[in-house]
Every structure is written in structure tokens, then in C-alpha cells.
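Notes for the one structure printed next.
Laboratory data are not the source of any read-out in this text; all were calculated from the coordinates shown. Nothing here was measured: the structure is a model prediction, and the numbers come from that model. Glycine also receives a Cβ, built like all others from the backbone with ideal geometry; neighbour counts cover every protein chain displayed.
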Amino acid sequence: MLEESVVYQDILQKGVQQGVQQGEKNVITRQMTRRLGRLSPKVRKQLENLSLKQLEQLSEDLLDFKTKADLTLWLNKNASAH
């Protein structure tokens, strides 16, 4: 009965979404570190605050980054636009 309740389904869905978002953050952080070197605590904090949609966009855009400055520019342009 509990599994059929709307509240339970909502909680479950939110948990799944949070898991997907955390997985995206982990992969992007590893990719950025490999491509650009160690990330500053400030950049890591900015990445933590990105929405799932922003993370998905970043996962594509990061393929074009050559330097940390490219990431900084992307974050300055996109991080505040939730």
C-alpha cells in the first residue's frame, strides 16, 4: 500500500533525481579534473550548485574547453541562470 501512495512516489522520484544529479556532478568533476587539472574549491562549489539542466549542458560544452579560463567563463555566464 505504501508503494502506491502519491507521497511515497513523489519522495522516490525526488530521490532518483538527486541521485542522477549527483552522478552527473561526479562525472563532470572527474572529466574537468582530467582535462584542466585540479579544480579550485570555488569552482567545485559552483559545480555543486548547478541544476541538472545546467550540468547536462556543461557535460557537452566541456568538450570544447582548453583551459580553466574556459570553465570560468562558462560558469560566470551560466551558473547564476537557474
Search region 49-69 for residues that are free of Cβ contacts under 8 Å to residues at least 24 places away in the same chain and pair each with any residue that is in a helix (DSSP H, G or I) when their beta-carbon atoms are under 8 Å apart and the residues are at least 6 apart or on different chains.
Gln57/Asn78; Asp61/Trp74; Asp64/Asp70
Residue tally, condition hydrophobic (A, V, I, L, M, F, W, C), under 16 Å from the mean Cα position of the chain (by Cα) and farther than 18 Å from Leu73 by Cα, over region 12-60
4
Could you run through region 27-77 and say how many residues are under 24 Å from Gln17 (Cα atoms), of a type in the set (Ser, Thr, Tyr) and assigned to a loop (DSSP other than H, G, I, E, B)?
1
Kindly provide the set of residues from region 12-66 that are out of contact with any Ser or Thr (no Cβ under 9 Å at 6 or more places or on another chain), loosely packed, with under 15 Cβ neighbours inside 10 Å and aliphatic (A, V, I, L, M), ordered by number.
Leu12, Val16, Val20, Leu52, Leu63
Could you please let me know if Gln9 is loosely packed, with under 11 Cβ neighbours inside 10 Å and either more than 15 Å from the chain's Cα centre (by Cα) or among the β-branched types (Val, Ile, Thr) (or both)?
no
